[in-house]
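Novice: I have a structure I would like to understand better, so I am pasting it below and will then ask my questions one at a time.
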Amino acid sequence: MTLKNWMRHLAALALVTLLAACGGGNSAPPPPDPLANAPENVRMTWFGITNWHYQIGDKGVLLDGEVVNSGSTPRAGSVTTALTAIKSGPGGTPTTALSIDVILLGHVHPDHSVQLPEWAKQTGKMVYAPPAACTTLVATYGIPAAQCVGLKGGEVIKLSDFAEVRAVRWVHSVECNEFSNGTGTPETFGFLFTVRTKDGKVLSWFTSDSGAGGPDLTTPRVVTSVSNGVTTTVTYGSPLQNLNAALKDAKLTGFEIWQGGPESRMVYQARTVIPAYGVKTFMPHHLDARAANGVNFNLRYGMHYAYNPDDQPKLKQLLVALGVPQVYPTNYWDAWIYDSKGLRTTPNTAMKAAYGLPAEGPGPGTQFANPRAGALECTYD
């Protein structure tokens, strides 16, 4: 064998060895990344009372959306303004646009649900709400029946291959010395969100626009009705039983963020909920629904009273002891990014500018003291 042929032979052997090490020349391409289309994060925007917008990848979710909190008739113009701001996005350009693809309602009350018909009409998107709300949408406002799902609790709303929302039958908050198993208050629902991101992290948060206080957390809701002389009794799970069932269905034992909604008795819930579910961050909402010093809710005024942790000293003390921070808004349209690194604020200048609000902080209106500062905690909480 000549030297030239010998060199060719060695080169061929090297190529064969390399191909064998790489799995052969005809090996199949690597499988596609199952998380390639998963969202990188969630954008959370609070715009008054219990109004939230969550952008999860290309899917947007609206909670409540009460942008007026006055009267009993929907105001199309007010909803259009809010919808335009949301669609414009944080940068005010099409490249930063957000969306509304699903509408959620926690319960029927004037500070939560009056604008629901306009949101349903102007977006044309599916509504998930207490049955009473669906009845009103169809009978009074002509919304197609197929557009509203009357919740019972336990429903799973699939936003995408990576994001789901679970409806949790909850109970409306009560005052000190009151007790309710939900029969004397409107049907109320919380929502458990789970999102898998590109890096494989599962983001989780639970939000409700109201909440149980006292023993209501562990008491089943019992509903008795009479029709044609026949009495029917239905027993639903307690709020905590319902939340446990939702977590089990989601294959979770807890959630990272708790967006608590009631205006009172928060500390009673916190003593149970935070340790039981490993909550890492508490985000109080249901803020500025009531008049303060004669000033009512008005998105263009700005928050007319600030959230002050000292208004709930027991809650503050508990959260400090548990090492759980409170993250709360300083003005309408404040926003946060939630991802595998945690929760952090993010600018929302364009949306705020649409309402004449400063880029950061309170204003333009003057802030006053919380009108319920002395009634947020009970002596036995």
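The values are calculated or read from the model by the stated rules, or taken from the named source; none is laboratory data. From a predicted model like this one, the values you see are computed outputs, not experimental measurements. Quick reminder, even Gly has a Cβ in these numbers, built from the backbone with ideal geometry, and neighbours come from all protein chains shown.
Novice: Could you tell me whether any residue of region 185-203 is over 20 Å from the mean Cα position of the chain (by Cα) and within 12 Å of Val171 (Cα to Cα)?
Specialist: yes
Novice: Next question, about the same structure. Tally up the residues in region 328-353 that are buried (at least 18 other Cβ atoms within 10 Å of the Cβ) and touching a Phe, Trp or Tyr at 6+ places or on another chain (Cβ under 9 Å), please. Before you say what the answer is, go through the steps one by one.
Specialist: Narrowing region 328-353 to residues buried (at least 18 other Cβ atoms within 10 Å of the Cβ): 329, 331-336, 338-339, 343, 348, 351-352.
Right, trim to touching a Phe, Trp or Tyr at 6+ places or on another chain (Cβ under 9 Å) and you get 329, 332-336, 338, 343, 348, 351-352.
Final tally of qualifying residues: 11.
Novice: So, Thr185, is that one closer than 24 Å to Gln269 by Cβ and β-branched (Val, Ile, Thr) or not?
Specialist: Details: closer than 24 Å to Gln269 by Cβ: yes; β-branched (Val, Ile, Thr): yes.
Yes; evaluated as a whole, the condition is true for this residue.
Novice: Counting only residues that are out of contact with any Lys or Arg (no Cβ under 6 Å at 6 or more places or on another chain), give me the strands (runs of 3 or more DSSP E) lying completely in region 131-233 with at least 3 of them.
Specialist: Working: elements: 148-150, 156-158, 163-169, 189-196, 202-208, 221-227.
Fully inside region 131-233 and qualifying: 148-150, 163-169, 189-196, 202-208, 221-227.
Novice: Of all residues in region 41-87, which are part of a strand (DSSP E or B) and either of a type in the set (A, V, I, L, M) or modelled with pLDDT under 95 (or both)?
Specialist: Val42, Met44, Ile49, Ile56, Val61, Leu62, Leu63
Novice: List every residue pair whose Cβ atoms sit under 7 Å apart, with the two residues 6 or more apart in sequence or on different chains, where the first one lies in region 107-124 and is more than 17 Å from Thr84 (Cα to Cα) and touching a residue at least 24 places away in the same chain (Cβ under 8 Å) and the second, anywhere, is among the charged types (D, E, K, R) and in a helix (DSSP H, G or I).
Specialist: Final answer for the pair search is none.
Novice: Across region 323-381, what is the number of residues that are in a loop (DSSP other than H, G, I, E, B), within 22 Å of Ser264 (Cβ to Cβ), in contact with a His (Cβ under 9 Å, 6 or more places away or on another chain) and in contact (Cβ under 8 Å) with a residue 60 or more places away in the chain?
Specialist: 2
Novice: Now a separate question. List pairs: first in region 125-136 and surrounded by 16 or more Cβ atoms within 10 Å (Cβ to Cβ), second of a type in the set (Ser, Thr, Tyr) and at pLDDT below 95, Cβ under 9 Å, 6+ apart or cross-chain?
Specialist: Listed by first residue and then by second, the contacts come to Pro130/Thr188.
Let's see how each residue does on (1) at pLDDT below 95; (2) out of contact with any helix residue (DSSP H, G or I) (no Cβ under 6 Å at 6 or more places or on another chain); (3) surrounded by fewer than 21 Cβ atoms within 10 Å (Cβ to Cβ):
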residue: Met266; (1), (2), (3): yes, no, no
residue: Tyr277; (1), (2), (3): no, yes, yes
residue: Lys280; (1), (2), (3): no, yes, yes
residue: Phe297; (1), (2), (3): no, yes, no
residue: Arg300; (1), (2), (3): no, yes, yes
residue: Met303; (1), (2), (3): no, yes, no
residue: Tyr307; (1), (2), (3): no, yes, yes
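Novice: Filter region 81-132 down to residues that are out of contact with any helix residue (DSSP H, G or I) (no Cβ under 8 Å at 6 or more places or on another chain) and among the small types (Gly, Ala, Ser) and give me whichever is farthest from His286 (Cα to Cα).
Specialist: Taking the candidates together, the pick is Ala132.
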